[in-house]
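The values are calculated or read from the model by the stated rules, or taken from the named source; none is laboratory data. Just so we're clear, the structure is a prediction, and the values are computed from it rather than from any experiment. Counting neighbours? That spans all protein chains shown, and the Cβs are built from the backbone with ideal geometry, glycine included. Just the protein is used for accessible areas: all its heavy atoms, side chains included, with ligands, DNA and RNA removed. Shrake-Rupley method; radii C 1.70, N 1.55, O 1.52, S 1.80 Å.
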Amino acid sequence: MTQPIEITIQQGKTFNYGFKLADNEIVYRSISELINKVPVQLLVEDHSIPDNWPVTISCVKNPFELNTECPVIATVIDKDIIEINQMTVCCKRPYSGSGMISYYKPYDLTGFTARATIRPHINSKEIFYQWDQVIVDAQNHLIILQIPAEVTATFCWCNAIYDVEATAPSGEVLSVVSPSGVTIEPEVTR
């Protein structure tokens, strides 16, 4: 679950950054039908995909443009239909092939809490910023860091390091983001 994720905080602007958490298990679902071409809507019966979740499309013979090398964001229309708003298919070829949607299973964050700290360097005792409350949105599988604009306006450092940890209801502490760089982007309009 852990990896470094560099962040940039704009001085004097509200900082709002969410981390979607997924398990290592990959879920596979068959595509039954291409319902709409602009934007793409797919019938994927009982898909269980959370709204705005990254998915990969593969094994579609026609239109082959549906296949993705990188994940795309799926918007949930209902329990059987997803939309890929950034994709369109303008060809006249009908859907064929045993197309597949795959995605990482969302991590169950029910009952979790989280914490995060920014320090000048990894071994420093000095704290540049510590989140009083990290938002854990279990329904959307998100951990959200927020800093108000009036606080980011006071940041007078350029580079630092942060990490994010989550605590399970059992007390187990998990690394969400391993130590990673933070850059302050100076404010021009103030």
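The figures follow:
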| read-out | value |
| --- | --- |
| Test result for Ile82, outside any loop (DSSP other than H, G, I, E, B), in contact with a strand residue (DSSP E or B) (Cβ under 6 Å, 6 or more places away or on another chain), under 18 Å from Tyr17 (Cα atoms) and in contact (Cβ under 8 Å) with a residue 40 or more places away in the chain | no |
| Search result, residues across region 106-150 that are open to solvent by 50 Å² or more (accessible area, probe 1.4 Å) and charged (D, E, K, R) | Asp108, Arg115, Arg119, Lys125, Glu126, Asp132, Glu150 |
| Residues within region 31-81 that are under 15 Å from Tyr95 (Cα atoms) and under 19 Å from the mean Cα position of the chain (by Cα), tallied | 1 |
| Answer from Ile184, Ile161 - the residue that is within 21 Å of the chain's Cα centre (by Cα), β-branched (Val, Ile, Thr) and surrounded by 15 or more Cβ atoms within 10 Å (Cβ to Cβ) | Ile161 |
| Positions within region 27-72 being of a type in the set (A, V, I, L, M, F, W, C), open to solvent by 40 Å² or more (accessible area, probe 1.4 Å) and under 14 Å from Asn85 (Cα atoms), in sequence order | Ile35, Val38 |
| Unmet requirement for Cys156, which otherwise passes all of (1) open to solvent by 40 Å² or more (accessible area, probe 1.4 Å); (2) of a type outside the set (Val, Ile, Thr); (3) closer than 30 Å to Leu34 by Cα | (3) |
| Residue check, Lys105 modelled with pLDDT of 95 or more and out of contact with any Lys or Arg (no Cβ under 6 Å at 6 or more places or on another chain) | yes |
| Complete set of residues in region 10-54 that are over 30 Å from Phe155 (Cα atoms) and of a type in the set (Val, Ile, Thr) | Ile26, Val27, Ile31, Ile35, Val38, Val40, Val44, Ile49 |
